[in-house]
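*Asks:* Below you'll find the structure I mean.
Only the coordinates and a few stated rules stand behind these numbers; no lab work does. All values reported here derive from a predicted model rather than from experimental measurement. Positions of Cβ are backbone-derived with ideal geometry, glycine not excepted, and every protein chain shown enters the neighbour counts.
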C-alpha cells in the first residue's frame, strides 16, 4: 500500500480525524484522547497505530509517558493529491468556459427535439 493510500485509509475514519484535529492543537496522551473520543484506551491505541503507520502522527518518549503529536509532513501526499486534482478540475472548467464562449449566443430556449412528446397527440 502506498503512503497516500495509507493516509487516505487512516483519514477515512471519523474517530481518527477527531484525534488528528486534537493533535493539531498540541501533544496528547492516550487517556486524554480516549476521554475526548469517548472510547476505551485500547481502542484509541488501535487508532493511533493506524495513524502512526500512515505517517500522520509520531510518539515522543518522555520518561514514563508516550505523548502523541501530529506530523504535518505526513499530510504532504494528501495535500499534493488534492492540489493536483483541484488543478485538473480548474483546467477542465476553463476548457468548458472557452468552449461555451465559442458558441453562438442563443435565446435560452432548448434546441428543437425531433422526438415526439408522449403527452401530446
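*Asks:* Using a 10 Å cut-off around each Cβ, can you sort 2, 45 from fewest to most neighbouring Cβ atoms?
*Replies:* Least to most surrounded, the residues fall as 2, 45.
*Asks:* Quick one: angle between helix 76-102 and the longest Cα principal axis of the chain, in degrees between 0 and 90, rounded to 10, please.
*Replies:* Result, in degrees: 10.
*Asks:* May I pose another question? Please give the helix 41-53 orientation as an angle from the longest Cα principal axis of the chain, in degrees from 0 to 90, rounded to the nearest 10.
*Replies:* 60 degrees
*Asks:* Same structure again: Please list the radius of gyration and Dmax for region 3-75, considering alpha-carbon atoms only, with Å as the unit.
*Replies:* According to the Cα coordinates of region 3-75, Rg and Dmax are 11.2, 34 Å.
*Asks:* For the chain, find the longest principal axis of its Cα atoms and tell me its angle to the long axis of helix 14-23, 0 to 90°, nearest 10.
*Replies:* With rounding to tens, the tilt is 60 degrees.
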